[in-house]
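Comments concern the structure below.
The values are calculated or read from the model by the stated rules, or taken from the named source; none is laboratory data. Quick caveat, the model's predicted, so the values are computed rather than measured. Here the Cβ positions follow ideal geometry from the backbone for every residue, glycine too, while neighbour counts run over all protein chains shown.
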């Protein structure tokens with residue numbers, strides 16, 4: 001049974017919302033928080049009824065099954081099991097306000113109504129209540145929340161909103177590789193394509209729909225080029241520089257990998273202990289890039305990256 005809690009108490013908690021372009025280190029960062037044992041996040045146990053977590057926990061035998069670890073479809077050495085936290089709460093936004101931001105070729109930023117935000121708060125309460133004993137802190141990793149960060153902040157004003165980013169050429173190359181990988185998977189298996197569309201995952205693959213942020217112009221490059229993904233990186237993070245809530249923090253993934261004190265600083269900001277549990281390490285997986293790239297675009301990306309690194313370091317005070 002869902003526990004009813006005081007609305008003001010629920011929204012005043014320091015929940016954690018992680019959102020950035022795919023391949024920015026969002027999953028590893030989410031797992032680091034989840035490993036503390038202090039947070040409740042949607043997991044594969046909540047499938048397929050992610051909008052009714054309490055009902056599904058009571059009715060489904062899957063809640064008592066154990067499934068062995070398996071590498072996720074990205075082929076990136078991240079292994080998942082039925083209790084792995086995952087980006088599943090986008091289904092809420094797709095069901096209730098999908099017509100506001102889901103277009104056939106792209107995704108728009110949007111501002112959900114007050115009533116929808118109140119529904120979302122009740123949804124978070126239901127997710128927290130679906131854990132025994134009840135958890136008090138919610139953890140979300142949802143890259144599409146880029147489209148509505150201001151509203152997330154409005155609903156949960158004390159939440160810790162984290163926006164990871166990576167060195168742009170490496171980030172763009174990773175997106176290109178995943179786009180090719182998932183396009184192949186989608187061609188082989190219609191279910192994978194339908195499943196990702198149902199979850200609202202359009203980051204790459206045959207149903208790729210880019211963020212169209214503060215512009216009416218679609219990306220002029222082919223998705224088969226590094227320039228396309230580099231342009232997407234530039235547009236996304238330049239837009240976030242100007243649109244994110246002031247309290248939201250940019251997180252440089254390279255710094256997380258190189259300096260352990262960065263995670264300690266984040267844990268301190270979240271008022272949680274540095275986890276001693278085994279969790280995925282922050283580690284770089286840079287690759288050799290021999291793809292041609294527009295040098296002006298690369299220089300523009302480098303300028304944005306330098307600004308973001310400076311801001312990220314200033315925010316974590318090191």
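Scanning the stretch 170-187 turns up no residue that is touching a helix residue (DSSP H, G or I) at 6+ places or on another chain (Cβ under 9 Å) and either assigned to a loop (DSSP other than H, G, I, E, B) or free of Cβ contacts under 8 Å to residues at least 12 places away in the same chain (or both). Candidates in the stretch 194-214 are the residues that are free of Cβ contacts under 8 Å to residues at least 60 places away in the same chain and in contact with a helix residue (DSSP H, G or I) (Cβ under 8 Å, 6 or more places away or on another chain); of these, the one that is farthest from residue 20 (Cα to Cα) is 206. State whether the residues of the stretch 80-99 include one that is surrounded by fewer than 16 Cβ atoms within 10 Å (Cβ to Cβ), over 30 Å from residue 118 (Cβ atoms), in contact with a strand residue (DSSP E or B) (Cβ under 9 Å, 6 or more places away or on another chain) and at pLDDT below 90. Within the stretch 80-99, one or more residues are surrounded by fewer than 16 Cβ atoms within 10 Å (Cβ to Cβ), over 30 Å from residue 118 (Cβ atoms), in contact with a strand residue (DSSP E or B) (Cβ under 9 Å, 6 or more places away or on another chain) and at pLDDT below 90. Does residue 140 meet the test of being out of contact with any helix residue (DSSP H, G or I) (no Cβ under 7 Å at 6 or more places or on another chain) and either on the phi > 0 side of the Ramachandran plot or in contact (Cβ under 8 Å) with a residue 40 or more places away in the chain (or both)? Yes; evaluated as a whole, the condition is true for this residue. Annotation: of all residues in the stretch 219-234 being in contact (Cβ under 8 Å) with a residue 60 or more places away in the chain and more than 19 Å from residue 201 (Cα to Cα), the one that is surrounded by the fewest Cβ atoms within 10 Å (Cβ to Cβ) is 225. Could you check, for the stretch 109-132, whether at least one of its residues is under 18 Å from residue 26 (Cβ atoms), crowded, with 18+ Cβ neighbours inside 10 Å and in contact (Cβ under 8 Å) with a residue 24 or more places away in the chain? No: zero hits.
Can you tell me which residue is surrounded by the fewest Cβ atoms within 10 Å (Cβ to Cβ) among those in the stretch 190-208 that are farther than 19 Å from residue 142 by Cβ and at pLDDT below 85? Steps first, please.
First, the residues of the stretch 190-208 that are farther than 19 Å from residue 142 by Cβ: 190-194, 206.
With at pLDDT below 85 added as a condition, the list becomes 191-192.
Working: 191: 8, 192: 16.
That would be 191.
Which of the following residues is closer than 25 Å to residue 270 by Cβ and at pLDDT below 90: 148, 122, 166, 134?
134
Considering only residues in the stretch 280-310 that are within 21 Å of residue 267 (Cα to Cα) and at pLDDT 95 or above, the one that is surrounded by the most Cβ atoms within 10 Å (Cβ to Cβ) turns out to be 308. Looking only at residues of the stretch 153-169 that are assigned to a helix (DSSP H, G or I) and touching a helix residue (DSSP H, G or I) at 6+ places or on another chain (Cβ under 6 Å), we find that the one that is nearest to residue 39 (Cα to Cα) is 155.
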